[in-house]
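Structure first, then comments.
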Amino acid sequence: MTVSVCAQVLTNGDIKALPYEPLDNCSFLILSSDEVNRMSLSKDLNFDIDAAFFTEITGHLLLSFVSGHVLGRILKGLGRA
């Protein structure tokens, strides 16, 4: 039984169901327990990670770590002088 409906989070934190909104336009969904169980038991869930995006993010993180480490060493050296 499928009873998925769109949901909207209001500014006060409440959740409002939008049963007549098409599911294509939803940011959030309210799922039935049957749907959640079916999804959790399904072995064919595929999460595709874009290799170029992953490489770019990893490169930026590595550059940030190394430059922060070098800057910290420079500031530590200047503090001793």
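Just so it is clear, none of the values below were taken in a lab; they were calculated from the coordinates. Note that the structure is predicted; figures quoted are calculated from it, not measured. Positions of Cβ are generated from backbone atoms using ideal geometry, with glycine treated the same way; all protein chains shown enter the neighbour counts.
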Self-check item: Principal axis box of the chain, alpha-carbon based, largest edge first, Å
Solution: 71, 37, 21
Exercise. Report, by chain and number, residues whose modeled amide H sits under 5 Å from the one on Val5, excluding near sequence neighbours (fewer than 5 apart, same chain).
Key: Ile30
Quiz item: 222 nm [θ] for the chain, helices only, -39500 (n - 2.57) per DSSP H run of 4+, per residue, to 500?
Solution: -16500 deg cm²/dmol
Quiz item: Given Leu18, Ser32, Phe65, which one lies farthest toward the positive end of the charge dipole of the chain, if we put +1 on the Cβ of every Lys and Arg and -1 on the Cβ of every Asp and Glu?
Solution: Phe65
Quiz item: Once both axes come from the Cα atoms, what is the angle between helix 51-80 and the longest principal axis of the chain, in degrees from 0 to 90, rounded to 10?
Solution: 40
